[in-house]
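To start, the structure itself, in structure tokens.
The values are calculated or read from the model by the stated rules, or taken from the named source; none is laboratory data. It should be emphasised that the depicted structure is a prediction, and the values quoted were computed from it without experimental measurement. Don't worry about glycine lacking a Cβ; one is built from the backbone with ideal geometry, like all the others, and counts go over all protein chains shown. Areas reflect the complete protein model, heavy atoms only, side chains present, ligands, DNA and RNA absent. Shrake-Rupley method; radii C 1.70, N 1.55, O 1.52, S 1.80 Å.
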Amino acid sequence: MMELRRTLAGRIALTAVATVILLFLALPIIVILVTSFSDNAFAAFPPNAWTLHWYTSLFADGSKWPAALSLSALVACLSTVFSLIIGVTAATALTRSELPLRSAVYALVLGPLLIPQIVTALGLFLLFEPASMLGSPLAIALGHTVLASPIAVLILVATLRGIDERLEDAAASMGAGRLTIARRITFPLAAPGMIAAAIFSFITSFDEFYISQFLSSVDTVTLPVQIYNSLTFDIDPSVTAISAILIAFAILALVLVALVRWLGSGRQDSPLSVENTAGIAAPGGEAV
């Protein structure tokens, strides 16, 4: 009985501690969400009254937020495409080939995650400035790719390592070529990981500040830079509204990743198995 009480008391204590920690971590988010509905022009917390004015002002005539939002979305889409190309290529080389010095190459690919972002931003500025590419959405997207692609590589390496290579070997033994194996086996099984890599690459680019600050110009300002400018040069309570929208977007992205992982969890147990991969190639060895 005493042992049961200890176990019950331990569970209650653990639950209480975990709840306090989660509330502490979520407190800044809660403050932003609540303050975004405040009618106070100085974004005071707690609010005295409630309003949607700061949300409607985001898209009013003359607002700088729509342009910053559209530019960030464009840059994030470009960076996501570049990151997926690099991620698929690098992950395939690291998991499906006899690459010399594989550990060193893997560490080199993940290097940008260990270097301070401001140092990376300075290096990119010195790289693009002589080419007169400062302010170019392409330059900003390439800069964001430096940080987003290692995340894509991490996710895709874990995804490819979780795929049973016997499926690919069985298809190859039946005469299927590399492209057929990738198209019919590897990519379908890796689809959840590729979608997760795309989502995290998009979020990484969309939220990136330092590289955007160094590579942007007066006419090309991304959303994080616009938030910084609004907080630095004037007091704009609409910052809390756009921040609340970004929080909602991040939560939605995480829910989407969880949904994709759940939908893809049964792919390894799907009809695509070692025994029936003979259908990937014709008996004569011709891929179908």
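Take the alpha carbon atoms of segment 173-236, find their center, do the same for segment 42-72, and report the distance between the two centers in whole angstrom.
Measuring centre to centre over Cα atoms gives 25 Å.
What FRET efficiency do you get for Phe42 and Thr7 if R0 is 45 Å and r is their Cβ-Cβ distance, rounded to the nearest 0.05?
After rounding, the FRET efficiency stands at 0.35.
In segment 169-206, whose amide N lies under 17 Å from the spot 7 Å out along Cα-to-Cβ of Arg102? List them in ranges.
Answer for this model: 169.
In vacuo Debye scattering of segment 132-236, one point per C-alpha: log10 I(q)/I(0) at q = 0.13 Å⁻¹?
Log10 of I(q)/I(0), two decimals: -0.63.
Given DSSP loops and a limit of at most 12 other Cβ atoms within 10 Å, what is the longest stretch of the chain that contains no such GluC sites (Glu not before Pro)? Walk me through the numbers on the way to the answer.
Numbers: sites that count: Glu98, Glu275, Glu286.
In short, 99-274.
At q = 0.12, 0.15, 0.18, 0.21 Å⁻¹, what base-10 log of I(q)/I(0) does the Debye formula yield for segment 67-221 when every alpha carbon is treated as an equal point scatterer in vacuo?
Reported log10 I(q)/I(0), two decimals: -0.57, -0.80, -1.01, -1.23.
How large a share of the accessible area of the chain, in percent, is made up of carbon and sulfur atoms when the probe is 1.4 Å and the other protein chains stay in place?
On the chain, the fraction of accessible area on carbon and sulfur atoms equals 71 percent.
Which FRET efficiency value, to the nearest 0.05, do you get for Leu14 and Val81 by plugging their Cβ-Cβ distance into 1/(1 + (r/R0)^6) with R0 = 35 Å?
Efficiency computed from Cβ-Cβ geometry: 0.20.
In whole Å, what three semi-axes, largest first, describe the equivalent ellipsoid of segment 1-157 built from its Cα gyration tensor (square root of 5 times each eigenvalue)?
Semi-axes (√(5λ), whole Å): 39, 34, 13.
Sorted by accessible area with a 1.4 angstrom probe, largest first, how do Asp164, Asp234, Asp61 fall?
Asp61, Asp234, Asp164
Output the direction-averaged projected area (hull surface divided by four) of the convex hull of the alpha-carbon atoms of the chain, in nm².
So the mean shadow area of the Cα hull is 23.5 nm².
With a probe of 1.4 Å, find how much accessible area the chain has per residue, and write the answer as a whole number in Å².
58
Considering amide H positions built from the backbone, and no H for Pro or chain starts, which residues 5 or more places from Ser38, or on another chain, come under 5 Å of its amide H?
Here the answer is Thr51, since their amide H atoms fall under 5 Å of that of Ser38.
In whole Å, what three semi-axes, largest first, describe the equivalent ellipsoid of segment 7-80 built from its Cα gyration tensor (square root of 5 times each eigenvalue)?
37, 22, 7
Viscosity 0.890 mPa s, temperature 25 °C: what is the translational diffusion coefficient of segment 44-107 from Stokes-Einstein with a Kirkwood Rh over Cα pairs, rounded to a whole number of µm²/s?
Estimated via Stokes-Einstein, D reaches 151 µm²/s.
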